[in-house]
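The values are calculated or read from the model by the stated rules, or taken from the named source; none is laboratory data. Since we're looking at a predicted model, the values are computed, not measured. For neighbour counting, all protein chains shown are included, and Cβ atoms are generated from backbone atoms with ideal geometry for every residue, glycine included.
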Amino acid sequence: MIKATGSQIILKLLELEGINTVAGIPGGQILPLYDELNMSSIKHILVRQEQAAGFIAQGMTRSTGLPAVCMATSGPGAMNLLTAIADARCDSIPIVAFTGQVNTSMIGTDGFQEADTFGLSMPITKHSMMVKDPLELLEAIPLAFDIAVSGRPGPVLIDVPRDVQLKEVEFKAWPQIHTIRQAKNSSLARKFFTDKKTLASTVAEMSEVLCAAQKPVLYVGGGCNSKVASESIRKFMDIYETAVVTSLMGIGAVPRSHKNNFGMVGMHGSFAANKAMHDADVVLALGVRFDDRATGAIAKFCPNAKILHIDIDAAEINKILPSYLSLTYDVEESLPLLTEKLSGLKAKSKKSWLSELQKIFEETESFELGRGKKKSSPNPRLFINRIPEEARKAGLKPSDIIVTTDVGQHQMWSAQYYPVEAPRTFLTSGSLGTMGFGLPAAIGAALANPKKRVVCISGDGSILMNVQELATLAEHELNVTVIVLENGVLGMVHQQQEYLFKKNYSASEFIKSPDLLKIAEGFGIDSVNANEDKDWAKTAFAKGPHFVRLNIERDENVLPFVPGGKANIDAIRN
């Protein structure tokens, strides 16, 4: 018989799951777990605010595809963690969060630092559990990891009362731990999958529709942002030439340098990408949902196209746009079947269609889009685009860079202009759009990829949301370069007030801005002013953490821009 406390069970199972690093902050109701954690093989990353623990876990997971773990105590600790958990849910990121809770006898008494974490987390997790007995952990933890990675991935939360962490129990053996592949192929994951017979017939129908298409578009989303899916897309495009556009979350699934990649679609998408979708006669949508930022006015979004939709989540099929044909299936498994079917068929030539789009792309893409009035000031688009080249000059391979962003204008400029060539190298908060994501996500990515250089691109509004994590970054001496574009305003809010609210800049301009270089130096991080130092990259890409500031003009805007309720094809472009 095995004897172990709840805390010992948690840590042993995490070790069996392959977890070697967790992020969090201790507090009264999770101290028993931390007491055991200090004696385990698992490394703990002490953050300065619990939200950052969730984003560090996300940075690890988004960059590797492997589930990561974060922790927080009860009450305010758990509440701080919930924003990062909600963000993970919105972007389908598989993390597992552990929260402490008051003793079971105190639940419902309004005890010190008590909050209904279980109830509050239910709408923003894929699954939530409260464990009332240590023996339940033997089933709950393996199940949590299986749920997190199977089907459409997402976060799982386990709330563990303090007395459950302390109580010792006996049991016969440790549970069997599934690999990620086993979890993905479990009956739980495939409950709503298209059956094999329908799969074969639908793939055959899809191939016939694609062969007959004259203006097809491949629309790639976050469900394709993995090495396996990206390779499957490459093989598909080798035998079926088509235009490609991506969602924000799909950036990286197709190399930016591919001649038929016309960029991101949607509110700030390229004109060529939006034009391609508007004029398409067939859209093959892979691992993507038709969210409002991508579609604009839905009635005018690919109005004449047959939608062929493949998504792992049955709830996304026909939710926004009706599909002509659809599959509820993993893109990694279903796309090779479509590729094989197409390889034996002859498709119509699309050379004129692709040539037309390439010409539009060349004529409409420019580093001058949205340029401020002061042409002598730094161009943030050009600056972001040249980051890989600057890194190369400093002795780094661009392929060894992972980019994280915060949320705002800098995020969209990065999505538009940073040359992302591989999956899991562009990490950003998509659906929830959480300011403060970039820095802790960069820390997580650096922890999981110690041989890579992580570049966090942020703004002076976003960086202050979680600026305290510069302490965490300095403490672990990680290879992270933080680049802040400073313009003294909440850039995206300021831009929308300019275009939509007659330049009524309500609460979007900072009255007092701190010296960010001194703040970074105060945390023990070398800093450089890119406005004054032309060789800033030599400092910024040296070993360890570095901070870069670039002052830009506040009238720099992100264009194209599609106002709410308008069609993508009618975007503001100047």
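Taking the listed residues GLU205, GLU241, the one that is in contact (Cβ under 8 Å) with a residue 40 or more places away in the chain, out of contact with any helix residue (DSSP H, G or I) (no Cβ under 9 Å at 6 or more places or on another chain) and either buried (at least 21 other Cβ atoms within 10 Å of the Cβ) or not polar (S, T, N, Q) (or both) is GLU205, with no other qualifying. The set of residues from the stretch 452-505 being touching an Asp or Glu at 6+ places or on another chain (Cβ under 7 Å), acidic (Asp, Glu) and over 16 Å from PRO440 (Cα atoms) comprises just one member, GLU486. Restricting attention to the stretch 473-498, the residues that are more than 21 Å from the chain's Cα centre (by Cα), more than 25 Å from ASN379 (Cα to Cα) and in a helix (DSSP H, G or I) total 3. Apart from one condition, THR194 fits all of (1) part of a loop (DSSP other than H, G, I, E, B); (2) at pLDDT 95 or above; (3) more than 30 Å from GLY27 (Cα to Cα); the exception is (2). Looking across the stretch 317-352, the residues that are without any contact (Cβ under 8 Å) to a residue 40 or more places away in the chain, under 21 Å from CYS302 (Cα atoms) and assigned to a loop (DSSP other than H, G, I, E, B) come down to ILE317, ASN318, LYS319, ILE320, LEU321, PRO322, SER323, SER349.
Among the residues making up the stretch 538-574, those that are among the small types (Gly, Ala, Ser), assigned by TED's automatic domain parsing to the domain that holds ILE401 and either within 26 Å of the chain's Cα centre (by Cα) or under 30 Å from PHE271 (Cβ atoms) (or both) are ALA540, GLY544.
Quick grid of which residues meet (1) farther than 23 Å from GLU389 by Cα; (2) surrounded by fewer than 21 Cβ atoms within 10 Å (Cβ to Cβ):
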{"residue": "ASN504", "(1), (2)": "yes, yes"}
{"residue": "ALA520", "(1), (2)": "yes, no"}
{"residue": "PHE523", "(1), (2)": "yes, yes"}
{"residue": "GLU532", "(1), (2)": "no, yes"}
{"residue": "ALA537", "(1), (2)": "no, no"}
{"residue": "ALA542", "(1), (2)": "no, yes"}
{"residue": "ASN551", "(1), (2)": "no, yes"}
{"residue": "PRO560", "(1), (2)": "yes, no"}
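Restricting attention to the stretch 469-502, and to residues there that are out of contact with any Ser or Thr (no Cβ under 8 Å at 6 or more places or on another chain) and β-branched (Val, Ile, Thr), which single residue is surrounded by the fewest Cβ atoms within 10 Å (Cβ to Cβ)? Among them, the one singled out is THR472. For LEU464, the requirement of being assigned to a strand (DSSP E or B) and either over 25 Å from GLU556 (Cβ atoms) or modelled with pLDDT of 95 or more (or both) is not met. Has the stretch 333-352 got at least one residue that is closer than 26 Å to ASP291 by Cα, of a type in the set (D, E, K, R) and surrounded by fewer than 16 Cβ atoms within 10 Å (Cβ to Cβ)? Checked the stretch 333-352: no residue is closer than 26 Å to ASP291 by Cα, of a type in the set (D, E, K, R) and surrounded by fewer than 16 Cβ atoms within 10 Å (Cβ to Cβ). Considering (1) without any contact (Cβ under 8 Å) to a residue 40 or more places away in the chain; (2) part of a strand (DSSP E or B), the lone condition that GLY111 does not fulfil carries the number (2). Scanning the stretch 382-398 for residues that are part of a helix (DSSP H, G or I) and under 19 Å from ILE552 (Cα atoms) yields a count of 6. Within the stretch 85-114, restricting attention to residues that are more than 19 Å from the chain's Cα centre (by Cα) and surrounded by 20 or more Cβ atoms within 10 Å (Cβ to Cβ), the residue that is nearest to GLY27 (Cα to Cα) is GLY100.
For the stretch 229-261, which positions are of a type in the set (Asp, Glu) and either in a loop (DSSP other than H, G, I, E, B) or closer than 27 Å to ASP292 by Cα (or both)? Passing the criteria: only GLU241.
Here's the yes/no breakdown for (1) buried (at least 23 other Cβ atoms within 10 Å of the Cβ); (2) modelled with pLDDT of 95 or more; (3) part of a helix (DSSP H, G or I):
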| residue | (1), (2), (3) |
| --- | --- |
| ALA273 | yes, yes, yes |
| HIS278 | no, yes, yes |
| ALA285 | yes, yes, no |
| VAL288 | yes, yes, no |
| HIS309 | yes, yes, no |
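Checked against (1) surrounded by fewer than 23 Cβ atoms within 10 Å (Cβ to Cβ); (2) closer than 23 Å to ILE85 by Cβ; (3) over 16 Å from the mean Cα position of the chain (by Cα), ASN466 passes all but a single condition, namely (1). Specify the residue that is surrounded by the most Cβ atoms within 10 Å (Cβ to Cβ); the eligible residues are those in the stretch 122-153 that are without any contact (Cβ under 8 Å) to a residue 40 or more places away in the chain and within 24 Å of the chain's Cα centre (by Cα). So the residue we want is SER150. Only one entry of SER513, SER527 meets the criterion of being out of contact with any Cys (no Cβ under 7 Å at 6 or more places or on another chain), assigned to a strand (DSSP E or B) and small (Gly, Ala, Ser), and that entry is SER527. Scan the stretch 295-307 for residues that are farther than 21 Å from CYS211 by Cα and part of a loop (DSSP other than H, G, I, E, B) and report the count. Of the residues in that region, 2 qualify.
Checked across the stretch 422-433, the condition of being modelled with pLDDT of 95 or more, in a strand (DSSP E or B) and either under 24 Å from GLY544 (Cα atoms) or touching an Asp or Glu at 6+ places or on another chain (Cβ under 9 Å) (or both) holds for at least one residue. Evaluated against (1) within 27 Å of the chain's Cα centre (by Cα); (2) surrounded by fewer than 17 Cβ atoms within 10 Å (Cβ to Cβ), LYS196 falls short on exactly one condition, (1). Considering only residues of the stretch 353-378 that are within 30 Å of the chain's Cα centre (by Cα), part of a helix (DSSP H, G or I) and of a type outside the set (D, E, K, R), which is nearest to ALA204 (Cα to Cα)? The selected residue is LEU354.
Taking the stretch 218-228 as the range and being buried (at least 21 other Cβ atoms within 10 Å of the Cβ) and over 23 Å from GLY344 (Cβ atoms) as the test, the residues that pass are TYR219, VAL220, GLY221, GLY222, GLY223, CYS224, ASN225.
For every residue, the table says whether it meets (1) assigned to a strand (DSSP E or B); (2) at pLDDT below 95.
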site: ILE158; (1), (2): yes, no
site: GLN176; (1), (2): no, yes
site: VAL203; (1), (2): no, no
site: VAL209; (1), (2): no, no
